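Engineer: Below: one structure in structure tokens.
The values are calculated or read from the model by the stated rules, or taken from the named source; none is laboratory data. Note that the structure is predicted; figures quoted are calculated from it, not measured. Heads up, the Cβs are rebuilt from the backbone with ideal geometry, glycines too, and the neighbour counts pull from every protein chain shown. The accessibility values were calculated without ligands, DNA or RNA, using every heavy atom of the protein model including side chains. Shrake-Rupley method; radii C 1.70, N 1.55, O 1.52, S 1.80 Å.
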Amino acid sequence: MARKHNFSAGPAFMPLSVIEQIQATLPELGETGQGLMEISHRSKPFEAIRDSAEARLRRLMGIPEGYAVLFLQGGASMQFYMHARNLLAGPDDKADIILTGRWSDNAIKEMRRCGDVAAAWQLSGDLNHVPQPGDALNLRDDARYVHFTSNNTVYGSQFHALPETDKPLVSDMSSDICSRPVDVSRHAIIYAGAQKNLGPSGVTAVIVSPWALEQSSRVDATIPGGLPSMLDYRLMAKKDSMFNTPNTLGIFALEKMLAWIEDGGGVEAMEARNQRKADALYAEIDRSGFWTGCTTVESRSLMNPTWRGPSAALDTTFVAEATAAGLLGLKGHRSVGGLRASIYNACEQSSIEALVSFMQDFERRHG
Ligand SMILES: *Cc1c(COP(=O)(O)O)cnc(C)c1O
């Protein structure tokens with residue numbers, strides 16, 4: 001086996017130890033006589049796995065009592081709609097959104113199906129930063145909540161402080177959940193597709209505050225026939241995410257990823273590890289003037305550093321040569337071009353060192 005250095009944006013690199021634990025349970029989960037994919041989601045062994053995943057996420061993130069923790073399907077993209085469906089009861093209900101790139105553009109489109117949603121902040125042109133503390137946000141007094149994308153996977157920008165508002169926050173944390181401590185109590189809803197920091201695709205972690213659950217009841221009463229079952233947070237919470245068959249394999253993998261994070265020292269240790277990796281890569285991007293970082297320094301993402309070489313043609317050459325050298329997934333998102341290394345929690349410092357030394361070698365040959 002020759003596992004390469006994998007900088008894929010998502011689905012993304014997972015620790016081999018986690019993959020081996022998944023592999024070992026495929027023919028037989030524990031001593032059940034049944035494989036992981038073949039066992040009922042209502043069986044005791046599976047319920048224990050689900051409960052452990054929830055308990056681990058609660059411990060890791062310091063999720064306050066009363067908040068629901070859900071493991072749903074449909075990806076972050078379904079949460080763009082589902083969260084708004086539970087919080088907004090039509091055109092008289094307002095929400096504000098901070099537009100910082102591709103994923104928030106997708107979110108506003110879905111949110112507008114449920115209420116009056118306006119951009120509180122928007123960049124024109126180069127999407128190279130997010131609002132900084134002190135920057136004015138154009139928030140409406142009667143907005144019920146503010147949505148933002150904590151880390152912009154495509155552009156490589158990240159919030160390093162929560163948006164300045166007293167409103168409940170809804171955060172798409174798909175690409176930086178569990179990569180650093182966050183104050184969950186400031187949030188009405190946090191959602192994250194697992195395939196970046198928490199395991200494989202097909203399972204989405206959703207954290208829902210008591211206030212948000214109350215909003216579900218308020219909105220439910222305004223919809224003929226009520227909220228659709230599959231889009232009702234209260235129902236999903238009441239049924240422990242098992243109203244219908246959940247992604248059992250995905251939840252098992254997620255539980256093992258959370259165990260790996262806990263064993264590694266938790267989110268504080270992840271933040272220190274992520275900072276070390278990002279610092280080493282940005283230091284190389286800044287070193288000689290050959291490379292140019294795509295985002296402003298204050299908004300640089302610890303998860304998805306983005307940069308460019310001297311020309312688009314050389315970026316293409318870089319990706320081809322890197323791939324041949326065993327460094328995968330470095331092409332920038334198709335909508336922005338350039339280069340991107342996705343270096344989520346599981347990415348090792350040794351992969352960063354391999355990338356940095358390849359970048360130096362590339363500069364010597366093409367600079
Ligand atoms: C990857 C990503 C998404 C899309 O997630 P799906 O699970 O594919 O719907 C949404 N938001 C952010 C920030 C992402 O990184």
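Engineer: Kindly indicate whether any position in region 305-324 is assigned to a loop (DSSP other than H, G, I, E, B) and under 20 Å from Gly10 (Cα atoms). It would help to see each step written out before you state the result.
Structural biologist: In the first step, residues of region 305-324 are kept if they are assigned to a loop (DSSP other than H, G, I, E, B); the result is 305, 309-311.
Next, from what is left, pick out any that are under 20 Å from Gly10 (Cα atoms): 305.
Yes, region 305-324 contains at least one residue that is assigned to a loop (DSSP other than H, G, I, E, B) and under 20 Å from Gly10 (Cα atoms).
Engineer: For region 275-290, state whether one or more residues are touching a residue at least 40 places away in the same chain (Cβ under 8 Å), open to solvent by less than 50 Å² (accessible area, probe 1.4 Å), over 30 Å from Leu57 (Cα atoms) and not in a helix (DSSP H, G or I).
Structural biologist: yes
Engineer: Okay, next question. Just one of Asp116, Asp141 is surrounded by fewer than 20 Cβ atoms within 10 Å (Cβ to Cβ) and not in a loop (DSSP other than H, G, I, E, B); which is it?
Structural biologist: On the way: Asp141 fails: not in a loop (DSSP other than H, G, I, E, B).
That would be Asp116, the only listed residue that is surrounded by fewer than 20 Cβ atoms within 10 Å (Cβ to Cβ) and not in a loop (DSSP other than H, G, I, E, B).
Engineer: Of all residues in region 68-110, count the ones that are in contact with a strand residue (DSSP E or B) (Cβ under 7 Å, 6 or more places away or on another chain) and of a type in the set (Phe, Trp, Tyr).
Structural biologist: Result for region 68-110: 2.
Engineer: Please specify each residue of region 154-176 satisfying the condition of being of a type outside the set (D, E, K, R), under 25 Å from Ala346 (Cβ atoms) and either within 10 Å of the ligand (Cβ to nearest atom) or assigned to a strand (DSSP E or B) (or both).
Structural biologist: Once the filter is applied, which keeps residues that are of a type outside the set (D, E, K, R), under 25 Å from Ala346 (Cβ atoms) and either within 10 Å of the ligand (Cβ to nearest atom) or assigned to a strand (DSSP E or B) (or both), region 154-176 yields Val154, Ser157, Gln158, Ser171, Met173, Ser174, Ser175.
Engineer: From (1) within 16 Å of the ligand (Cβ to nearest atom); (2) surrounded by fewer than 22 Cβ atoms within 10 Å (Cβ to Cβ), pick out the condition that doesn't hold for Arg234.
Structural biologist: Every condition holds for Arg234 apart from (1).
Engineer: Might you let me know whether region 250-269 holds any residue that is away from the ligand (no atom under 16 Å from the Cβ) and farther than 18 Å from Ser52 by Cα?
Structural biologist: Yes, region 250-269 contains a residue that is away from the ligand (no atom under 16 Å from the Cβ) and farther than 18 Å from Ser52 by Cα.
Engineer: For region 160-176, enumerate the residues that are in contact (Cβ under 8 Å) with a residue 40 or more places away in the chain and either surrounded by 24 or more Cβ atoms within 10 Å (Cβ to Cβ) or in contact with a helix residue (DSSP H, G or I) (Cβ under 8 Å, 6 or more places away or on another chain) (or both).
Structural biologist: Residues of region 160-176 that are in contact (Cβ under 8 Å) with a residue 40 or more places away in the chain, as a first pass: 160, 163, 167-168, 170, 172, 174-176.
Result: His160, Pro168, Val170, Asp172, Ser174, Ser175, Asp176.
Engineer: Determine whether Ala107 is open to solvent by less than 50 Å² (accessible area, probe 1.4 Å), within 16 Å of the ligand (Cβ to nearest atom), touching a Cys at 6+ places or on another chain (Cβ under 7 Å) and not in a strand (DSSP E or B).
Structural biologist: No.
Engineer: From Ala192, Ala188, Ala212, which residue is part of a strand (DSSP E or B), open to solvent by less than 40 Å² (accessible area, probe 1.4 Å), of a type outside the set (Val, Ile, Thr) and away from the ligand (no atom under 15 Å from the Cβ)?
Structural biologist: So the residue among Ala192, Ala188, Ala212 that is part of a strand (DSSP E or B), open to solvent by less than 40 Å² (accessible area, probe 1.4 Å), of a type outside the set (Val, Ile, Thr) and away from the ligand (no atom under 15 Å from the Cβ) is Ala188.
Engineer: Only residues in region 1-27 that are under 19 Å from Ala259 (Cα atoms) count as the first member; pair them with residues that are aliphatic (A, V, I, L, M) and open to solvent by less than 50 Å² (accessible area, probe 1.4 Å), Cβ under 6 angstrom, at least 6 apart or cross-chain, and list the lot.
Structural biologist: Phe13/Ala346; Met14/Ala346; Pro15/Ala346; Val18/Met257; Ile22/Ala253; Thr25/Leu36; Leu26/Leu36
Engineer: Listed residues Ser229, Ser217, Ser201; which is open to solvent by 10 Å² or more (accessible area, probe 1.4 Å) and within 16 Å of the ligand (Cβ to nearest atom)?
Structural biologist: Criteria check complete, one pass: Ser201.
Engineer: Among helices (runs of 4 or more DSSP H) lying entirely in region 1-99, which contain 2 or more residues that are exposed (fewer than 14 other Cβ atoms within 10 Å of the Cβ) and either within 16 Å of the ligand (Cβ to nearest atom) or in the same structural domain as Thr248 (by TED's automatic domain parsing) (or both)?
Structural biologist: Numbers: elements: 16-25, 44-61, 75-87.
Helices (runs of 4 or more DSSP H) meeting the threshold: 16-25, 44-61.
Engineer: Could you please let me know if Ile190 is of a type outside the set (D, E, K, R), at negative phi, touching a Lys or Arg at 6+ places or on another chain (Cβ under 9 Å) and not assigned by TED's automatic domain parsing to the domain that holds Ser301?
Structural biologist: When the stated conditions are applied, Ile190 does not pass them.
Engineer: Looking for whichever is in contact with a Pro (Cβ under 7 Å, 6 or more places away or on another chain) and on the phi < 0 side of the Ramachandran plot here; the options are Pro11, Pro27. Which one fits?
Structural biologist: Pro11
Engineer: Now for a different question. Can you pull out every residue in region 121-153 that is in contact with a strand residue (DSSP E or B) (Cβ under 8 Å, 6 or more places away or on another chain) and either within 11 Å of the ligand (Cβ to nearest atom) or in the same structural domain as Gly337 (by TED's automatic domain parsing) (or both)?
Structural biologist: Matches in region 121-153: Phe148, Thr149, Ser150, Asn151, Asn152.
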